1. Could we say that G531 is surrounded by 15 or more Cβ atoms within 10 Å (Cβ to Cβ) and either not assigned by TED's automatic domain parsing to the domain that holds L116 or not acidic (D, E) (or both) here?
2. Looking at (1) within 30 Å of L565 (Cβ to Cβ); (2) at pLDDT below 90, which is the only condition N700 fails?
3. Name, by its number, the condition in (1) surrounded by 15 or more Cβ atoms within 10 Å (Cβ to Cβ); (2) farther than 23 Å from T390 by Cα that does not hold for L332.
4. What are the pairs with Cβ atoms under 9 angstrom where one residue, in the stretch 185-205, is without any contact (Cβ under 8 Å) to a residue 12 or more places away in the chain and the other, located anywhere, is surrounded by fewer than 22 Cβ atoms within 10 Å (Cβ to Cβ) and not small (G, A, S)? Sequence gap at least six, or different chains.
5. I'd like to verify a number: residues in the stretch 650-685 that are in a loop (DSSP other than H, G, I, E, B) and touching a residue at least 24 places away in the same chain (Cβ under 8 Å), how many?
6. If I filter the stretch 569-605 down to residues being among the acidic types (D, E) and in contact with a Phe, Trp or Tyr (Cβ under 8 Å, 6 or more places away or on another chain), which single residue comes out as modelled with the lowest pLDDT?
7. Name the one entry in K223, K238 that is farther than 25 Å from R278 by Cα, exposed (fewer than 13 other Cβ atoms within 10 Å of the Cβ) and in contact (Cβ under 8 Å) with a residue 24 or more places away in the chain.
8. Taking I697, is it assigned to a strand (DSSP E or B) and surrounded by 22 or more Cβ atoms within 10 Å (Cβ to Cβ)?
Amino acid sequence: MDTLPKKIKMSVVINKIILSNNLDGYILPKNDNYFTEYSKINNLKSITNFSGSAGFAIFLKNKKYLFVDGRYTIQAEKEVGKKFEICEIPYIWPKDILKKKIKIGFDPDLFTWETLNKYFGDNYNLLPLKFKFENKSNTKNSYPFFNLKASVAGESINSKINRLIKIMKKKKVDYNFISSGENICWLLNIRGKDLPNSPVANCKMVLTKEKKIYFFSNQQKVKKIKLSHKKLKINFLKEDDFFKCLINLKIGNFCIDSKTCSVSDESLINYKFKIIDREDSIYIMKSLKNKTEIKNMINAHIEDGVALTKFLYWIKNLKKNNLTEKKIEKKLESFRKRNKNYLYPSFDTIAGSGPNGAIIHYRSDKFSNRELKKDDLLLLDSGGQYKWGTTDVTRTVCFSNVSNTVKNIFTRVLKGHIGVALSNINKERNGHNIDKIARKSLNSVGLDYGHGTGHGVGVFLNVHEGPQAISKNNSPLELKANNIILACGGFEGNPEMLSHYVGAQAQFIRPVSRGGHYNRGEGIKMALDIGAAPCGDYGSFHAQPVDPRSKDWEPVVLNYSYGLLINDSGLRFTDEAPALVDSTYEAVTRIIMQQRNGLAYAVFDKKLDDIHNWNATVRTRVPPLESDTLEGLAEQMKIDPAEFLNTVTEFNSACPEVNTDFDPLTPDGLRTEGLSINKSHWSRPISTPPFRAWPIICSNCFTFGGLKIDENARVLNTEGDIIPGLYAAGEVAGIYYRTYTGATSVMRGAVTGRLAGADAALRRNN
């Protein structure tokens with residue numbers, strides 16, 4: 001990790017990152033590496049002056065963009081000025097305005113694959129780069145984690161973990177990676193002070209089905225917590241010990257939540273384990289409050305209500321001279337502090353007077369701090385963290401007569417409140433249904449508000465707690481169309497389907513293409529469920545040999561034809577060079593997949609340097625293993641030195657004597673003789689140090705199995721008849737058997753996509 005001097009302005013730092021890595025741009029998010037809503041680290045604010053709780057910036061060589069949601073558009077325009085073009089999400093994403101195929105740098109600790117895919121899709125070259133930005137907010141506090149009293153939690157650690165283990169076993173999960181600090185706090189009945197306004201501890205953990213916990217955090221902060229659990233084994237580890245921990249775990253299914261699992265962490269897990277991507281079960285467990293939690297939430301709101309009532313009485317009977325928004329915030333805080341159970345605000349208080357009250361998530365500062373006037377409306381959005389609960393309350397205060405227009409709007413808002421309160425809320429209703437009721441009266445006269453209606457609240461935890469939400473977006477997907485084109489890829493990101501069709505060795509395969517993790521085969525499965533005919537080879541895929549250590553996209557290692565392929569038993573297992581590598585690498589890579597642990601090593605000596613431009617065949621940026629002795633190389637490869645030496649010696653003895661120049665582009669017929677597996681071409685002894693080796697595993701570029709289509713990309717059923725209105729384009733349409741025909745994958749998508757679109761357009765009214 002490169003550390004850049006803190007005296008350099010962050011804009012200069014960003015430019016340096018772009019120029020030194022030959023990038024077209026760099027993306028900087030608001031969040032830290034724990035993906036919390038509120039963080040003490042805010043590099044985005046340092047460079048943009050934007051203080052909102054969500055957003056990200058993209059820096060290009062000649063242009064800067066700031067992406068924020070509807071809550072912050074007005075705020076962003078005021079804070080940022082004209083230095084950045086403000087883009088409102090979800091209506092505008094980077095993929096909507098940026099040129100295709102440009103190279104964008106990002107910190108893999110600060111992004112998830114799910115987020116990057118949402119931002120960019122598959123049309124950009126995303127380059128992971130780790131940089132540590134030095135600023136005052138990066139200083140870690142020393143507050144230790146602490147145990148939550150049973151009178152607040154209402155359920156023991158023992159009970160919670162047993163419930164979670166039961167879910168893991170039901171889902172056939174061996175390891176559960178919990179990357180959300182708030183969920184860990186709830187599960188272990190602990191709290192911390194790592195975030196402003198929220199008692200969340202910055203930590204991550206792995207829970208095994210055998211009830212072992214690997215807890216990753218600042219070691220100084222865990223000294224005071226005590227975790228009692230029957231048969232529980234807990235290991236407190238440093239934040240940077242994650243990979244060391246993974247290496248020592250047995251092969252198994254690893255459950256992650258892609259919404260909070262960073263690119264870095266997912267890549268480390270994917271190095272060895274089968275990934276199961278599903279929402280962290282703790283979200284649902286935590287959302288169902290127990291009797292103690294409900295009681296404590298009520299008490300917290302009663303105590304908070306007392307403070308708020310006293311404040312409202314004070315301000316309604318106060319002369320408003322020289323009363324500013326900042327003074328109002330401090331006064332409200334003073335009333336809350338009179339309660340011995342009050343700790344601190346649950347978020348920064350919003351006191352917006354007059355026109356400032358219309359700015360969603362407004363924050364008063366030294367420039368905007370407005371003096372309250374008699375005719376103003378005052379918006380108060382505030383809350384408190386109490387020893388047993390969290391509150392979030394919004395009130396609007398009126399000090400004089402207002403216009404009929406304002407009265408009409410607030411009456412319609414009141415109707416929305418009453419409508420929600422009287423509605424029949426049951427398991428059949430979702431947040432979208434309730435949201436529509438809240439907006440109904442406003443929408444009837446063309447009015448609306450640009451944010452959600454409501455959200456979950458934690459119990460002495462996050463003020464914004466999911467998964468429950470009352471908003472326009474919280475609804476199941478409903479398709480209303482005459483025609484549907486499936487263009488959702490294959491199933492290389494679905495371990496269950498791969499294991500079913502490819503076999504047990506599928507556990508050693510990883511997706512290699514950008515976005516491959518998200519190709520889960522949903523479209524294929526849905527179509528098959530309604531009778532679509534399968535087509536293509538479901539048991540095969542486009543295989544590529546890659547370096548498992550690399551986080552690069554497609555870190556292929558294609559130089560093995562000129563050396564030896566050795567498995568982790570120290571043995572050769574295939575002919576490395578039956579022909580040119582372009583025509584044989586798929587078959588060879590599948591043989592590598594069949595080796596123990598799905599692993600092989602491409603071994604060379606110094607003669608590799610005699611091959612002109614050999615490094616063009618290796619796209620991994622991780623240096624090879626290297627040693628001046630074969631024994632030393634074997635040690636780095638973690639294989640038996642004696643077996644490895646014997647293999648190399650036998651190979652060297654079987655090589656022909658040759659004095660001709662090495663031509664890597666022409667099969668030279670230099671074949672070994674007398675080996676159980678002979679090498680057909682480029683057979684030269686491995687004898688001259690230094691000796692080098694690249695590890696190789698099998699990667700899955702795309703799967704072959706898909707749906708059967710006709711000449712217009714219409715999906716056919718098992719009887720050969722057209723399924724009306726259903727099309728398949730790209731990888732979801734199966735056309736390959738056994739071997740990939742080079743340079744046809746992109747062509748397949750372009751051709752079938754155009755055929756499907758053209759035919760669907762002709763039939764859209766039919």
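The values are calculated or read from the model by the stated rules, or taken from the named source; none is laboratory data. Just so we're clear, the structure is a prediction, and the values are computed from it rather than from any experiment. Glycine also receives a Cβ, built like all others from the backbone with ideal geometry; neighbour counts cover every protein chain displayed.
1. Against the criterion (surrounded by 15 or more Cβ atoms within 10 Å (Cβ to Cβ) and either not assigned by TED's automatic domain parsing to the domain that holds L116 or not acidic (D, E) (or both)), G531 does not qualify.
2. Single failed check for N700: (2).
3. Only one criterion in (1) surrounded by 15 or more Cβ atoms within 10 Å (Cβ to Cβ); (2) farther than 23 Å from T390 by Cα is unmet by L332, namely (2).
4. That search, which allows pairs on different chains as well, returns nothing.
5. Of the residues in the stretch 650-685, 17 are in a loop (DSSP other than H, G, I, E, B) and touching a residue at least 24 places away in the same chain (Cβ under 8 Å).
6. E586
7. That would be K223, the only listed residue that is farther than 25 Å from R278 by Cα, exposed (fewer than 13 other Cβ atoms within 10 Å of the Cβ) and in contact (Cβ under 8 Å) with a residue 24 or more places away in the chain.
8. yes
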